[in-house]
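To start, the structure itself, in structure tokens.
The values are calculated or read from the model by the stated rules, or taken from the named source; none is laboratory data. This one's a predicted model, so the numbers in the text were calculated from it and none came from an experiment. Neighbour counts run over all protein chains shown; Cβ positions are idealised from the backbone, glycine included.
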Amino acid sequence: MATKIGNVTQQRYMKLVDKAIKTVQTLTDCQFDLGYIAVEIEPIQPIGGSHGADVYDTLGKFADEIGVEFSTLLTYRDVASRWPKSKRSKHASFTVHKHLAHLENRFELIRNPPPPELGGGSRWTCDVAARAAGQTPRNPQTSRERIHRIHDLARDDTVAAEVATDFLRRPEVAHRVMGDHTARHMVNRVQAERSHQARDVARERTPAIRRVEHRLDIVNLLGACAAFVSAVNRVVPHLHGQQLAASEQEAVFENLQRVRAAADWSQTVVETGDTTMDEQLEQLLRGD
């Protein structure tokens, strides 16, 4: 049974490829011709030259009259301006020329397709040209190319969020993501922000929550004081008769200083309701 590609035999497929190549060559000539015409109407200006609205008004009028999308005409014009007819390759499509258009060595490069071991062959393809220009090919082969391709397709935050949500539903993906410190930090930070937002909304809708939270804050502060006193009563007696090294004493004294500062600040807040603190106190409580 003959090998088939799509709905045709391999032999028929190769004939169609040859026919399509000739068609693409004709199409390439047409695309360049339109580009050269657009360049003649409005030449590409050097950096700092005129790029005002008049240029686009003229080209927009021209594109409309010939029935071509304005953005498409601008692409033809840009590529044509970088490829004099004598420097083009008749074996490469317009898209290949577009990929290579901004490379300094494009005239030499177009005559020498990369060898097969570098992803090339006897002629330029769109993917090979994209790789040569440092762009992401439409049909990525390596993991890095696939990653770049996904990034290209998910530039919109809404799309990226939906894709990330779908990916995180995979247990192995979620496990690997949480192994990244930055990713884990961002997730935790957003969770905290959403929790604060939800709490603020609940407070606005239910004023009684503020009274409950106030009582919980007092209970937590009393619990923290009780826990500290309990820990001191449990640990300090064991220090009886022990001679602490100078470094140990220094560490204890520094932490006791933080405890005193925290206690004084807590007392001030309870008395005044003002929770602000100066920079020195903030650094002390952080342990800086």
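Some notes on this structure:
- Any hit, region 212-233, residues being outside the structural domain of Q283 (by TED's automatic domain parsing) and outside any helix (DSSP H, G or I): no
- Count - residues of region 125-149 that are within 22 Å of V96 (Cα to Cα) and part of a helix (DSSP H, G or I): 12
- Being surrounded by 10 or more Cβ atoms within 10 Å (Cβ to Cβ), free of Cβ contacts under 8 Å to residues at least 24 places away in the same chain and either of a type in the set (D, E, K, R) or under 19 Å from W124 (Cα atoms) (or both) is a description that does not apply to A80.
- Taken over region 157-194, residues that are in contact (Cβ under 8 Å) with a residue 12 or more places away in the chain and exposed (fewer than 12 other Cβ atoms within 10 Å of the Cβ) amount to 0.
- Top-ranked residue in region 35-45 [being closer than 8 Å to A80 by Cβ and within 36 Å of the chain's Cα centre (by Cα); ranked as surrounded by the fewest Cβ atoms within 10 Å (Cβ to Cβ)]: V39
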